[in-house]
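A short write-up of the structure that comes next.
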There are 2 protein chains.
Amino acid sequence: MSTATLLPLTVKDAAACCAPLAREPLGAEQAEDLARSLKAIADPARLRLVSLIAASEGQEACVCDLTDLLDLGQPTVSHHLKVLMDAGFLTRSKRGTWAYYALVPGSLDALSRLLVTT
Amino acid sequence: MSTATLLPLTVKDAAACCAPLAREPLGAEQAEDLARSLKAIADPARLRLVSLIAASEGQEACVCDLTDLLDLGQPTVSHHLKVLMDAGFLTRSKRGTWAYYALVPGSLDALSRLLVTT
DNA sequence: CCGCTATATCGACAGCTGTCAATATCGACT
DNA sequence: AGTCGATATTGACAGCTGTCGATATAGCGG
């Protein structure tokens with residue numbers, strides 16, 4: 001079902017699909033979807049980005065601030081931010097010359113709930 | 001610190017290192033460690049394996065049962081199980097000819113706690 | 001000891017991924 | 001219009017990853 005979505009397939013789609021991992025065996029398609037979401041954050045640079053943004057005021061941050069902190073080229077940071085957006089973890093809002101990325105509320109929690117065994 | 005461990009660096013090591021993502025920005029090394037753990041489960045086949053095992057009696061399962069369900073060659077399944085073991089999600093116990101993989105209690109929850117924002 | 005079954009390891013290979021340098025785009029300000 | 005600063009996109013490339021077939025290992029039953 002979720003594979004029938006024409007485009008992005010956000011975290012929440014993947015998370016809405018099924019019970020926690022430990023409750024019942026994951027089907028093939030559900031596993032694909034969930035893996036896509038997990039792959040999106042399973043990278044050191046992207047984890048730091050999400051963390052930096054999530055820990056910021058209003059859970060959003062300007063790209064200019066992020067590039068300085070990450071010891072990576074600007075195009076690389078931009079690339080990672082895009083990956084996180086496509087996966088549904090972040091949203092982008094351009095204000096003037098600057099781009100602000102904000103955490104999608106509940107996106108991390110949705111993932112978290114799938115992993116819990118208790 | 002965690003990078004100073006000579007060997008495996010299990011999920012729990014990575015999870016013990018730091019506060020939830022959204023609490024405070026992740027450091028470079030912490031991000032590396034956490035990414036390693038996440039990469040280990042961020043794969044459809046491995047998610048299904050963990051799920052199948054976690055949902056089984058006593059949270060353990062025989063390899064022979066798993067290979068049938070996954071539509072993958074036996075060497076491939078064996079490979080994925082090794083990855084999950086090295087990451088600290090599973091333990092192996094050989095009983096006779098058969099190998100049983102069991103979920104390490106709390107390993108998934110440790111990861112889950114890091115993602116939560118509430 | 002021999003074969004059989006279950007599992008692990010090895011080597012190879014296609015495809016994906018993270019990174020960068022170069023370049024494009026877009027908005028603000030003269 | 002022209003420039004400048006911030007961000008995105010493109011193209012290229014090395015390195016990693018998932019998969020397989022072939023083979024090795026190990027335990028059991030004859």
Over region A:55-76, the set of residues over 22 Å from residue B:116 (Cα atoms), within 14 Å of DNA strand C (Cβ to nearest atom) and within 14 Å of chain B (Cβ to nearest Cβ) is A:68, A:69, A:70, A:71, A:72
Where residues in region A:80-100 are assigned to a helix (DSSP H, G or I) and more than 10 Å from DNA strand C (Cβ to nearest atom), which of them is nearest to the other protein chains (Cβ to nearest Cβ)? A:84
Tell me yes or no: at least one residue of region A:5-16 is surrounded by 15 or more Cβ atoms within 10 Å (Cβ to Cβ), more than 16 Å from DNA strand D (Cβ to nearest atom), charged (D, E, K, R) and within 22 Å of residue B:118 (Cα to Cα). yes
Complete set of residues in region B:62-79 that are in a helix (DSSP H, G or I) and of a type outside the set (Ser, Thr, Tyr): B:63, B:64, B:65, B:66, B:68, B:69, B:74, B:75, B:77, B:79
Might you check whether a residue that is in a helix (DSSP H, G or I), closer than 20 Å to residue B:111 by Cβ and out of contact with any Gly (no Cβ under 6 Å at 6 or more places or on another chain) occurs anywhere in region A:23-30? yes
Just to be sure before I move on: is residue B:43 within 10 Å of DNA strand D (Cβ to nearest atom), within 14 Å of chain A (Cβ to nearest Cβ) and at positive phi in the structure I sent? no
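Per-residue answers, yes or no, for (1) surrounded by fewer than 17 Cβ atoms within 10 Å (Cβ to Cβ); (2) away from DNA strand D (no atom under 16 Å from the Cβ); (3) under 11 Å from the mean Cα position of the chain (by Cα):
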{"residue": "B:73", "(1), (2), (3)": "yes, no, no"}
{"residue": "B:81", "(1), (2), (3)": "no, no, yes"}
{"residue": "B:86", "(1), (2), (3)": "yes, no, yes"}
{"residue": "B:93", "(1), (2), (3)": "yes, no, no"}
{"residue": "B:98", "(1), (2), (3)": "yes, no, no"}
{"residue": "B:104", "(1), (2), (3)": "no, yes, yes"}
{"residue": "B:107", "(1), (2), (3)": "no, yes, yes"}
{"residue": "B:111", "(1), (2), (3)": "no, yes, yes"}
{"residue": "B:114", "(1), (2), (3)": "no, yes, no"}
Name the pairs: first residue in region B:87-104 and at pLDDT 95 or above, second residue exposed (fewer than 14 other Cβ atoms within 10 Å of the Cβ) and not in a strand (DSSP E or B), Cβ to Cβ under 7 Å, at least 6 apart or on different chains? B:88/B:8; B:98/B:64
With the requirement that a residue be touching a residue at least 40 places away in the same chain (Cβ under 8 Å), farther than 14 Å from residue A:43 by Cβ and at the interface with chain A (Cβ under 8 Å from one of its Cβ atoms), what does region B:16-40 give you? B:22
I need the full set of residues from region A:46-61 which are part of a helix (DSSP H, G or I) and either surrounded by fewer than 19 Cβ atoms within 10 Å (Cβ to Cβ) or within 14 Å of DNA strand D (Cβ to nearest atom) (or both), in order please. A:46, A:49, A:52, A:53, A:57, A:58, A:59
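The values are calculated or read from the model by the stated rules, or taken from the named source; none is laboratory data. This is a predicted model, so every value here is computed, not measured. For neighbour counting, all protein chains shown are included, and Cβ atoms are generated from backbone atoms with ideal geometry for every residue, glycine included.
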